[in-house]
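Peer 1: First the structure, which I've put down as structure tokens, then a few questions once you've had a look.
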């Protein structure tokens, strides 16, 4: 697959934004890396991958989380501008809410390289490098249909409604599953990418639908919540399929819990964004295409042992 730090205090005028800095020997240029919360291993992999590549290329880095808060994201971009960042690597806080913030950076002469999530505008970001969520969802749905034997009742857990990826994945799932009339969806609820919320939602769903045969989830974190709720209820034979390719789901697959997931290359996409930012900074060369899709890979019992930190080894 394509593919020291020290804590600093940001000046009081910028608030307590908890940036981490990684300073190279020369520390000539700065790249800002802004993602959702690193509590989610997918976003941590993005931040780690981008920071590692930027350090390797000789940049100082500012790493921060916007926690899916568009206002905080805007403040962090203000900080990056004030600190003289040469580029911003961003997994954004909303397809619509992010456009103005990225435009603000562009107006300040700072290109933004988006990863994972697109925004609802073109010509604002220098690049939008995202997993092919529709292709990946179809892979996951095909495996789900196979595991279900093309029949039975199932539940869908959907991601955060403001996140474009949630809708794309759901559509990819249904464009496959809806072709099988003996597969019946009995509940569809958003768990906002959250493991705890997925656990709580599954507990409630099970009360009304105790005999479900499958759960298809918009990400691995929600899949982990779902499998925990199912196991707590003594339901060990329900088919659960996720999306992301996390180590937690890898371990669950190997232990016979969750049956499959779809790997999207978080670590690689973040490193690719830094490489493209470096090309723009060092060589004044912008990406040939703004929107770049990276294909996803099905992960099941056959290849799960090769999965490590959102990459196949």
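Peer 1: Any chance you could run the full-extension gain for residue 254 through residue 293? It's 0.36 nm times the residue separation minus the Cα-Cα distance, nm to one decimal.
Peer 2: Gain on stretching residue 254 to residue 293: 11.1 nm.
Peer 1: Under 19 Å from the 7 Å Cα→Cβ point of residue 236, by amide nitrogen: which residues of segment 193-216?
Peer 2: Residues passing the 19 Å test: 211-215.
Peer 1: Using only the Cα atoms of segment 46-177, each taken as one equal point scatterer with no solvent, compute I(q) by the Debye sum, divide by I(0), and report log10 of the ratio at q = 0.17, 0.18 Å⁻¹.
Peer 2: Log-scaled intensity ratios, in q order: -0.90, -0.97.
Peer 1: Got a sec? How would 65, 217 order by Cβ neighbour count within 10 Å, fewest to most?
Peer 2: Starting with the residue having the fewest Cβ neighbours, the order is 65, 217.
Peer 1: Taking Cα centroids, how far is segment 56-108 from segment 166-218 in Å?
Peer 2: 33 Å
Peer 1: Neighbour counts of other C-beta atoms within 10 Å: give me 74, 170, 131 arranged from fewest to most.
Peer 2: Sorted ascending by nearby Cβ count, the order is 74, 170, 131.
Peer 1: For the pair residue 52 and residue 121, what calculated FRET efficiency results from E = 1/(1 + (r/R0)^6), where r is the Cβ-Cβ distance and R0 = 35 Å, to the nearest 0.05?
Peer 2: 0.75
Peer 1: So, in Å, what gap is there between the alpha-carbon centers of segment 122-159 and segment 278-296?
Peer 2: Centre-to-centre (Cα) distance: 25 Å.
Peer 1: On to the next question. Gain in length, residue 108 to residue 283, computed as 0.36 nm per residue apart minus the alpha-carbon separation, to one decimal in nm?
Peer 2: Full extension of this stretch gives 61.1 nm more.
Peer 1: Given the chain, what whole percent of its Cα pairs are spread farther than 37 Å?
Peer 2: Within the chain, distances greater than 37 Å cover 19 percent of Cα pairs.
Peer 1: With 10 angstrom as the radius, rank 66, 174, 278 by how many other C-beta atoms surround their C-beta, starting from the fewest.
Peer 2: 174, 278, 66
Peer 1: Quick check on the chain: helices-only [θ] at 222 nm, where DSSP H runs of length 4 and up contribute -39,500 (n - 2.57) each and the sum goes over total residues. Nearest 500, please.
Peer 2: So the calculated ellipticity at 222 nm is -12500 deg cm²/dmol.
Coordinate-derived values only; no laboratory data. Note that the coordinates shown come from a computational prediction; the quantities given were computed from them, not determined experimentally. Heads up, the Cβs are rebuilt from the backbone with ideal geometry, glycines too, and the neighbour counts pull from every protein chain shown.
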